[in-house]
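First the structure, in the form of structure tokens, and then the observations on it.
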Amino acid sequence: MRLTDKVAIVTGGAGAIGGEITKLLAREGARIVIADVNDEANSRMVDEVKALGSEALAVCVDVIEIDQAGKMVEAALEHFGQIDILVNVAGGSTGPSIKTKMDFFAQSEKTRGEEILRLNLLAPLNCARAVINHMMERRSGAIVSISSVAGVIGMMKGVEYSAAKAGIVGMTVTLAKEAAEYGIRVNCVSPGIVGTERVFKMAPDRIPQWEKGIKLGRLCKPEEIASAVLFLVSDESSYITGQNIIVDGGLCLGPEGY
């Protein structure tokens, strides 16, 4: 197993993508801190991790708030005594934390920008800030944040979301420069369109159109994002830092025939 004796925090660790990351890291031997705003989902994920033969701690937090990110790290250290991995998954363009609807920028509500930036950029920054000094003291660690192809090629009706996800890439590159001398690696993963249950429910009529624009002809599976994260937090990527790994099936490669 690639992560034996490692402790990993996964924010949004009970969600569709975060849950797959949580389970895969657990299968590889990591003990997991599942940090999510959904207490019921947290409890279910703890049971799943235990069924996989690993250990998990559920922490119900909203990492948009810096003090709650700090409490998450304190709970992890109190329970496990160390933190080796931070995976920033919590985010999104819709959902419980985002109360405004997606729309063209000229028609969008001004509060949407604040909500999106807090969830998708400020929250990962809060978590990195909460854990970085511990990793520096131990002179080791791996931080992986989930960005998006929206931060690379943009997303219609998602100006604020695209800006936030591009910010994750900038955060990753800069923190990688600062943390390298302490043995800490910092990378991010940019998924394309991921076929989660929410996506299939929200936009079933648009899926054929999306699939047509993806070179591999299908949506991404959540477990494919988890595999990329596992690679980046394991010793198999021991010489990789400051990188944005795009997992999009060729969505970013441009139009057909060009």
query: Dividing the alpha-carbon radius of gyration of the chain by 2.2 N^0.38 Å (N being the number of residues), what value is obtained?
result: 0.96
query: Can you tell which of GLY151, GLY15, GLY213 shows the greatest fluctuation in a Gaussian network model of the chain with Cα springs below 10 Å?
result: GLY213
task: Whenever you get a sec, compute what percent of the accessible area on the stretch 102-258 sits on carbon and sulfur atoms (1.4 Å probe).
output: 56
task: Using per-residue counts of other Cβ atoms within 10 Å, averaged over each peptide, order 135-147, 230-242 from highest down.
output: 135-147, 230-242
- request: List the DSSP H helices in the chain whose Cα atoms stretch 15 Å or more along the helix axis and whose mean Kyte-Doolittle hydropathy is at least 1.0.
  value: 222-233
task: Leaving ligands, DNA and RNA out of it, rank ARG31, ARG198 by accessible area with a 1.4 Å probe, largest first.
output: ARG198, ARG31
task: Compare the peptides 157-166, 46-55 by average per-residue count of other Cβ atoms within 10 angstrom and give them in order, highest first.
output: 157-166, 46-55
- line: For the stretch 30-83, the Cα-Cα pair-distance distribution in 10 Å bins from 0, as whole percents, is 27, 52, 20, 1
field: Only Lys, Arg (+1) and Asp, Glu (-1) charged, at Cβ; the chain dipole about Cα centre in debye
entry: 520
- request: Could you point to the residue in LEU24, VAL10, VAL46 farthest towards the positive end of the stretch 1-48's charge dipole, with +1 and -1 charges on the Cβ of Lys/Arg and Asp/Glu respectively?
  value: LEU24
query: Under the definition of Cα pairs under 8 Å and six or more residues apart, what whole-number percent is the relative contact order of the stretch 83-224?
result: 24
message: If the reach is capped at under 25 angstrom between alpha carbons, list the lysines near LYS110, excluding any in the same chain fewer than eight residues apart.
response: LYS99, LYS101, LYS157, LYS165
message: Given the options TYR239, PRO222, ILE207, identify the residue whose Cα lies farthest towards the positive end of the charge dipole of the stretch 201-254 (+1 on Cβ of Lys, Arg; -1 on Cβ of Asp, Glu).
response: ILE207
field: Overall Cα dimensions of the stretch 1-123 - principal axes, largest extent first, Å
entry: 50, 25, 25
query: Is it possible to state the helix-based mean residue ellipticity at 222 nm for the chain, with each DSSP H run of 4+ residues giving -39500 (n - 2.57), the sum divided by total residues, to the nearest 500 deg cm²/dmol? What is it?
result: -13500 deg cm²/dmol
message: For the chain, what does the accessible surface come to per residue with a 1.4 Å probe? Please give it in Å².
response: 49
message: Rounded to the nearest 20 debye, what is the charge dipole size of the stretch 212-258 about its Cα centre when +1 sits on each Lys and Arg Cβ and -1 on each Asp and Glu Cβ?
response: 260
message: Please enumerate, by chain and number, the lysines with C-alpha under 21 Å from the C-alpha of LYS71, excluding those fewer than 8 residues away in the same chain.
response: LYS6
message: Averaging the inverse of every distinct alpha carbon separation and then flipping it gives the Kirkwood radius. What is it for the stretch 134-258, in angstrom units?
response: 15.6
query: Calculated FRET efficiency, ILE240 and THR111, Cβ-Cβ r, R0 35 Å, to nearest 0.05?
result: 0.40
- prompt: Quick one: if you stick a label point 7 Å off each Cα along the C-beta vector at SER43 and VAL173, how many nm between them?
  reply: 4.5
Relative contact order computed over the chain (Cα-Cα under 8 Å; 6+ residues apart), in percent: 18
statement: Taking only protein heavy atoms and a 1.4 Å probe, the highest-to-lowest accessible-area order of CYS220, CYS60 is CYS60, CYS220
message: Counting only Cα atoms, I'd like the Rg/Rh figure for the stretch 203-258, Kirkwood definition for Rh.
response: 1.08
message: List the aspartates and glutamates whose Cα sits under 12 Å from the Cα of LYS215, skipping any in the same chain fewer than 8 residues away.
response: ASP248, GLU256
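The values are calculated or read from the model by the stated rules, or taken from the named source; none is laboratory data. Everything numeric in this text was worked out from a predicted model, so none of it was measured. Ideal geometry is used to build each Cβ from the backbone, glycine not excepted, and the neighbour counts take in all protein chains shown. Heads up: the accessible areas ignore ligands, DNA and RNA and are worked out on the full protein's heavy atoms, side chains in. Shrake-Rupley method; radii C 1.70, N 1.55, O 1.52, S 1.80 Å.
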